[in-house]
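The values are calculated or read from the model by the stated rules, or taken from the named source; none is laboratory data. All of these numbers come straight from a predicted model, not from anything done at the bench. Glycine also receives a Cβ, built like all others from the backbone with ideal geometry; neighbour counts cover every protein chain displayed. These accessible areas exclude ligands, DNA and RNA; they are computed on the full protein's heavy atoms, side chains included. Shrake-Rupley method; radii C 1.70, N 1.55, O 1.52, S 1.80 Å.
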Amino acid sequence: MTLRLLFLGDVVGRPGRRAVAAFLREFPASERADFIVANGENASGGKGIDPETAEELQDAGVDVITTGNHVWQKREIGPYLDETERVLRPVNMAPGVPGVGMTVRCTRRGQVPIGVVNVIGRVFMPPADCPFRAAMAAVESLRARAAVILVDMHGEATSEKVAMGRYLDGRVSVVVGSHTHVQTADEGVLPGGTAYLTDAGMCGPEDSVLGVRTDRVIARFLTQLPTRFDVAAGPAIVQGAIIDVDAASGRATSIRRIRERVGE
């Protein structure tokens, strides 16, 4: 049995949320995913995520939401993370913080268990425990519960993400990166059967700088003065990857990038 997984890159603000909802509504039946993961750390106002935006993404069809370094931007997210395993924070954050960094959820069709791990890199990122050791420990703890495991490697440095893909090759079904909002073109299935993509990109305004109003970002670069980064408007793009996985072995058979323009 082949499972189709869909990973959506960083969702940016309201335009990104609306684009994801529209994209999933219009997704062709032939492409329909069995399980959907999206990185939502910028889903609320362009930085952070709150319970309302998390619920909005879940209502749109997202099964699990991963996050990253902006997860604590909205104060109200802490108690919410303690109440759900459908929204993750990186597994290698400090002990005692709210929420969990991994989960197992079942597909809606066939009730096949899918493991999801959220890990954050250390290169050019806030302090965190070793992502490699944390990811391996998480994978080992999930292996008895799920043959299919997807890892969101939230990081800045491409080398760290590539290393994570190689490190987990043959141990998980998918390693896909998030955080930069820029989609890479290095998708492929590694020798051990793990589908890999360095960065899935973003779901947000196309006419922007990483989802933010272009004029605000240019002003910051020109003046070095504090500038409010507002989410841009206009048509949005939805970026991510579609991965086919053998449900029994957990080995990926293919990965394909997606980039769709949504709205006028």
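Considering every residue within region 112-123, establish whether at least one is in a strand (DSSP E or B) and surrounded by fewer than 20 Cβ atoms within 10 Å (Cβ to Cβ).
Yes.
Is it the case, given these coordinates, that Leu190 is at pLDDT 95 or above and under 24 Å from Gly13 (Cα atoms)? It is false that Leu190 is at pLDDT 95 or above and under 24 Å from Gly13 (Cα atoms).
Within region 25-52, the set of residues being at pLDDT 95 or above, farther than 18 Å from Asn118 by Cβ and in contact with a helix residue (DSSP H, G or I) (Cβ under 7 Å, 6 or more places away or on another chain) is empty. Looking only at region 190-201, count how many residues are without any contact (Cβ under 8 Å) to a residue 60 or more places away in the chain and part of a loop (DSSP other than H, G, I, E, B). Of the residues in region 190-201, 6 are without any contact (Cβ under 8 Å) to a residue 60 or more places away in the chain and part of a loop (DSSP other than H, G, I, E, B). Quick one: is Arg108 at pLDDT below 95 and part of a loop (DSSP other than H, G, I, E, B)? Here the answer is yes, as Arg108 does meet what is asked. Of Gly204, Gly240, Gly188, all but one fail to be exposed (fewer than 14 other Cβ atoms within 10 Å of the Cβ) and within 27 Å of Ser30 (Cβ to Cβ); the exception is Gly188.
Residue-wise test of (1) free of Cβ contacts under 8 Å to residues at least 40 places away in the same chain; (2) not charged (D, E, K, R).
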residue	(1), (2)
Met125	no, yes
Ala144	yes, yes
Val148	no, yes
Val151	yes, yes
Glu156	yes, no
Asp169	yes, no
Val172	no, yes
Gly188	no, yes
Cys203	no, yes
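Yes or no, residue by residue, for (1) without any contact (Cβ under 8 Å) to a residue 24 or more places away in the chain; (2) surrounded by 23 or more Cβ atoms within 10 Å (Cβ to Cβ); (3) aliphatic (A, V, I, L, M):
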site	(1), (2), (3)
Val20	no, yes, yes
Ala29	yes, no, yes
Arg32	no, no, no
Ala38	no, yes, yes
Ala43	no, yes, yes
Gly46	no, yes, no
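Test Arg251 against the stated conditions and say whether it is under 21 Å from the mean Cα position of the chain (by Cα), closer than 18 Å to Cys203 by Cβ and open to solvent by 80 Å² or more (accessible area, probe 1.4 Å). No: the conditions fail for Arg251. Going through (1) surrounded by fewer than 23 Cβ atoms within 10 Å (Cβ to Cβ); (2) without any contact (Cβ under 8 Å) to a residue 60 or more places away in the chain; (3) under 27 Å from Asp244 (Cα atoms) one by one, Pro79 falls short only on (3).
Close contacts from region 235-264, counting a first residue that is in contact (Cβ under 8 Å) with a residue 24 or more places away in the chain and a second that is aromatic (Phe, Trp, Tyr) and open to solvent by 10 Å² or more (accessible area, probe 1.4 Å), with Cβ to Cβ under 7 Å and a gap of 6+ residues or different chains, come to Val238/Phe23; Glu260/Phe23; Val262/Phe23.
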